[in-house]
Amino acid sequence: MGRVFLVELEGSSFYKCRFCHSHLALAGANVLSWSFNCRRGRAYLFSKVVNITVGPQEEKLMITGMHTVEDVFCCCCGQILGWKYVFAHDKNQKYKEGKFVLERWRIEEEVSEEVNFDARPGPIDVDTP
Ligand SMILES: [Zn+2]
């Protein structure tokens, strides 16, 4: 089939695009929170995501306040994956700046060894872009 990864992540556990299986993020080191929620359900907060493109900046009022965000797309198949926080207007939300939210149902886990999801408690948040 000759599938080409633009960036291939090294590691045993990672997330990939549900549709084209491009690698997106490491399941351990890149995840800040598994407790994120968005309008369509569970989402994850990542510190670093690869193989994506971002859309134009938009101002969005979320439950946690006004944010400047960019839509995040898979650079291979073009599906929208989530969004990136560019700027948080509320100082309590500053930790999200430069971070990525990927919606759980748009991504797929490839976990070849036990990952303890409870070992890294992250901020619990609800945002509806
Ligand atoms: Zn894709």
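Here region 14-111 was treated as a single set of alpha-carbon atoms; its pair distances binned every 10 Å from 0 give 17, 53, 27, 3 percent.
Ranking of Ser13, Ser47 by neighbouring Cβ atoms within 10 Å, starting from the fewest: Ser47, Ser13.
Centre-to-centre separation between the Cα atoms of region 71-95 and those of region 7-28: 18 Å. For region 47-54, backbone phi angles converted through the Karplus equation (6.51, -1.76, 1.60; θ = phi - 60°) give residue-by-residue couplings of 7, 8, 9, 10, 6, 10, 10, 10 Hz, Gly and Pro being listed as x.
Every number here is computed from the coordinates shown, using simple stated rules; none is lab data. Note that the coordinates shown come from a computational prediction; the quantities given were computed from them, not determined experimentally. Ideal geometry is used to build each Cβ from the backbone, glycine not excepted, and the neighbour counts take in all protein chains shown.
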